[in-house]
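To start, I am sharing the structure in question, which I have written as structure tokens.
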Amino acid sequence: MTQAQALRILKTGRNILLLGEAGAGKTYILRQYLDYLADHSVSVGITASTGIAATHIGGTTIHSWSGIGIRDSLSQQQIEAIADKHQLKSQIQRAQVLVIDEISMLSAKQFDAVDQVTRAIRQTQAPFGGLQVILVGDFFQLPPISQEPEPPFVFTSQAWEPLGLKVCYLDEQHRQADEALLSVLSAIRSQTIEESHFEIISERIKTDQDFGREAVHLYTHNANVDELNESALADLPGDEHEFIMKYSGKRKYLEGLVRGCLAPEALVLKLNAKVMFVKNNPERGYVNGTTGKVTGFNPDGWPVVANSDGHEFIAEPEQWSIEEDGVPKATIAQVPLRLAWAITVHKSQGMTLDRAVIDLTRSFAPGMGYVALSRVQTLDGLILRGINNTAFAVHPLVTSFEQRLRALSEATSRQFENLTDEQIKTMHESFLTKAANSAKQKDQDDTYEQTRKLVETNLSLTDIANGREMTVDTIIKHLGVIAEEYPETDISRFRPKRSIINKVQKAYNALPAGERMILSKLKSACPSVSWQDIKLALVYVE
């Protein structure tokens, strides 16, 4: 299936499994669809199975978004507790689409747990509460981490079949143009590796050769990565230049954002340091995975990086953020670089590398060798330090499932090819209308959430009241709910003078418990305080 066909089907609102080999353009199509939804004001839960993958697409982990955390399964009591969290509930109710990237690394039990939470919060037994679900990935890449004998693939979950996923299997290739490398990768996927493939691989096993400082080294374990990067930096002469990450937003969002960001919190560089860009910015000429060397520091102190072609980039700070309906919840800013003499195979997912030195002698998971080899564009850009018996293994369940998915994708193509352009257009418009009506109903139901959004701006109480077409007294009542239900929302700017709060607090404490919220009694005890200030002070009294 082509990218254009897949995008056309995504817009119909059907539940979609978007698949393709490494370099097929899955992320490109996903971004196209997210832009389309944003243009039509459709609320989306943008998530991924790992923090790194979530950072790549500007979202959060599915574990955080759904509230399941690190748990693999949920009791009814736990589901109810999650559903009682007002902000989480509002977020899931507001969404019309749920995207889960790198779906291969999400376990079956976690997938089921997300289904249970969304159905409970949205109060419907429809799969995932009636959300359009978009699953993106490649099952030949790294499987879920598990202590079980067999990987708990997501397609073995109870929630899988009820979704009725339409399979869109992209068969274009936008990374590798090397026929020999493509034949090896295809053989790994189909587990039909022959002597000719091993001959191709053997030619790249060079234990005594190197690309020098121009290549990234991929290891299967962090210890090897850290050791090489630190020693290589220490070997360079010259002064160190340190860049510290800056933060803004809610702590609970920041923790996941920092954890998933490939740029370190403290980046130490020297002249001639080998670095890798960890952010896509085509306008500036680099993408996630572009490698180069620090050739200097500009007058503002930012690193100047030259790639292998000699083209120079100014590595000014970039931002990573988590957003809800276009409103940033947390943002970090850092120079978009990391030391790149070495990186783990796991963290290399989604990257395109010009040259790589890969050590697969300690491979320990199916798909690890496939992920590593598929990072490079040509065999000329690859040096292997060695392989083990696990390096090119894929799970047999994935191999058999692959054949079924390709057949389902062909069936999806035929189904939509038989529809006229007018029929497709009607489906697109129907989905957008449904999403708009649902959003309108949600806005009507969640008045406190609407007020909270305005509170997070710099508007005054009067301006908020005018914007909501409500009285200031009503907005003050909303502040009391927001203080209780959204404790992370900053309402300190509406706090009355300390003298006023002290007077109301004293009167409040002096009254019997049953009379403390009777405004007339508080007014009698505080005659110099206005009615409105008494109401506002009650939001802040202890």
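The values are calculated or read from the model by the stated rules, or taken from the named source; none is laboratory data. The structure displayed is predicted, hence computed values, not measured ones. No Cβ is skipped: glycine too gets one built from the backbone with ideal geometry, and neighbour counts run over all protein chains shown. Accessible surface is based on the protein model in full, side chains and every heavy atom, while ligands, DNA and RNA are left aside. Shrake-Rupley method; radii C 1.70, N 1.55, O 1.52, S 1.80 Å.
Show the residue pairs that are 6+ apart or on different chains and have beta-carbon atoms under 8 Å apart, the first residue being within region 458-470 and in a helix (DSSP H, G or I), the second being open to solvent by 50 Å² or more (accessible area, probe 1.4 Å) and among the polar types (S, T, N, Q).
Every condition considered, the pairs that remain are Ala465/Thr471; Arg468/Gln450.
Okay, next question. Quick test for you: out of Arg362, Arg338, Arg375, pick the one residue that is open to solvent by less than 10 Å² (accessible area, probe 1.4 Å), of a type in the set (Lys, Arg) and in contact with a helix residue (DSSP H, G or I) (Cβ under 9 Å, 6 or more places away or on another chain).
Arg375
Let me ask you something else. Filtering region 472-502 down to residues that are under 26 Å from Lys252 (Cβ atoms) and part of a loop (DSSP other than H, G, I, E, B), which residue is farthest from the chain's Cα centre (by Cα)?
So the residue we want is Arg495.
Out of Phe128, Phe139, Phe153, report the one residue that is closer than 21 Å to Gly25 by Cα, crowded, with 21+ Cβ neighbours inside 10 Å and modelled with pLDDT of 90 or more.
From the options Phe128, Phe139, Phe153, the qualifying one is Phe139.
Go through region 391-437 and give me each residue that's in a helix (DSSP H, G or I), more than 30 Å from Gln141 (Cα to Cα) and among the hydroxyl-bearing types (Ser, Thr, Tyr).
Listed by number, the residues that qualify are Thr426, Ser430, Thr433.
Collect the residues in region 182-218 that are in contact (Cβ under 8 Å) with a residue 60 or more places away in the chain, under 17 Å from Gly367 (Cβ atoms) and either hydrophobic (A, V, I, L, M, F, W, C) or assigned to a loop (DSSP other than H, G, I, E, B) (or both), keeping them in residue-number order.
Hits for region 182-218 are Val184, Leu185, Ile188, Gln191, Ile193, Ile201, Leu218.
Report yes if some residue within region 415-433 is open to solvent by 70 Å² or more (accessible area, probe 1.4 Å), under 27 Å from the mean Cα position of the chain (by Cα), in contact (Cβ under 8 Å) with a residue 60 or more places away in the chain and farther than 30 Å from Gly292 by Cβ; otherwise report no.
Within region 415-433, not a single residue is open to solvent by 70 Å² or more (accessible area, probe 1.4 Å), under 27 Å from the mean Cα position of the chain (by Cα), in contact (Cβ under 8 Å) with a residue 60 or more places away in the chain and farther than 30 Å from Gly292 by Cβ.
Do you know which residues across region 290-305 are under 25 Å from Asp226 (Cβ atoms) and either free of Cβ contacts under 8 Å to residues at least 24 places away in the same chain or touching a helix residue (DSSP H, G or I) at 6+ places or on another chain (Cβ under 8 Å) (or both)?
Thr290, Thr291, Gly292, Lys293
Can you pull out the residues in region 241-279 that are within 20 Å of Gly69 (Cβ to Cβ), not hydrophobic (A, V, I, L, M, F, W, C) and not in a strand (DSSP E or B)?
Lys250, Arg251, Lys252, Tyr253, Glu255, Gly256, Arg259, Gly260
Given the criterion at pLDDT 90 or above and hydroxyl-bearing (Ser, Thr, Tyr), identify the matching residue among Tyr28, Tyr36.
On inspection, the qualifying residue turns out to be Tyr36.
Sticking with this structure for a sec: Return a yes/no flag: does region 340-350 have any residue that is under 23 Å from the mean Cα position of the chain (by Cα) and among the basic types (Lys, Arg).
Among the residues of region 340-350, at least one is under 23 Å from the mean Cα position of the chain (by Cα) and among the basic types (Lys, Arg), which makes the answer yes.
Turning to a different aspect of this structure: What is the residue count in region 503-542 for residues that are open to solvent by 40 Å² or more (accessible area, probe 1.4 Å), touching a helix residue (DSSP H, G or I) at 6+ places or on another chain (Cβ under 9 Å), without any contact (Cβ under 8 Å) to a residue 40 or more places away in the chain and not in a loop (DSSP other than H, G, I, E, B)?
Qualifying residue count for the region: 12.
One line per residue, one yes/no per condition, for (1) under 23 Å from Ile57 (Cβ atoms); (2) in a strand (DSSP E or B); (3) touching a Lys or Arg at 6+ places or on another chain (Cβ under 9 Å); (4) at pLDDT below 90:
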| position | (1), (2), (3), (4) |
| --- | --- |
| Val357 | no, yes, yes, no |
| Ser363 | no, no, no, no |
| Pro366 | no, no, no, yes |
| Tyr370 | yes, no, yes, no |
| Asp380 | no, no, yes, yes |
| Arg385 | no, yes, yes, no |
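Also, I was wondering about something else. Do we find that Ser49 is closer than 17 Å to Asp115 by Cα and touching a helix residue (DSSP H, G or I) at 6+ places or on another chain (Cβ under 7 Å) in this structure?
Spelling it out, Ser49 is indeed closer than 17 Å to Asp115 by Cα and touching a helix residue (DSSP H, G or I) at 6+ places or on another chain (Cβ under 7 Å).
For the structure I just gave you, tell me whether Pro317 is open to solvent by less than 10 Å² (accessible area, probe 1.4 Å), at pLDDT 85 or above and either within 30 Å of Lys250 (Cβ to Cβ) or not acidic (Asp, Glu) (or both).
No.
Let me ask you something else. Looking at region 277-288, which of its residues are under 15 Å from Val216 (Cβ atoms) and either surrounded by fewer than 20 Cβ atoms within 10 Å (Cβ to Cβ) or modelled with pLDDT of 80 or more (or both)?
Phe277, Val278, Val287, Asn288 - these are the residues of region 277-288 that are under 15 Å from Val216 (Cβ atoms) and either surrounded by fewer than 20 Cβ atoms within 10 Å (Cβ to Cβ) or modelled with pLDDT of 80 or more (or both).
Would you confirm whether any residue within region 100-118 is among the basic types (Lys, Arg) and closer than 27 Å to Asn437 by Cβ?
Checking region 100-118: not a single residue is among the basic types (Lys, Arg) and closer than 27 Å to Asn437 by Cβ.
Do you know which of the residues in region 104-141 that are acidic (Asp, Glu) and assigned to a helix (DSSP H, G or I) is farthest from Thr47 (Cα to Cα)?
Among those residues, the one meeting the criterion is Asp112.
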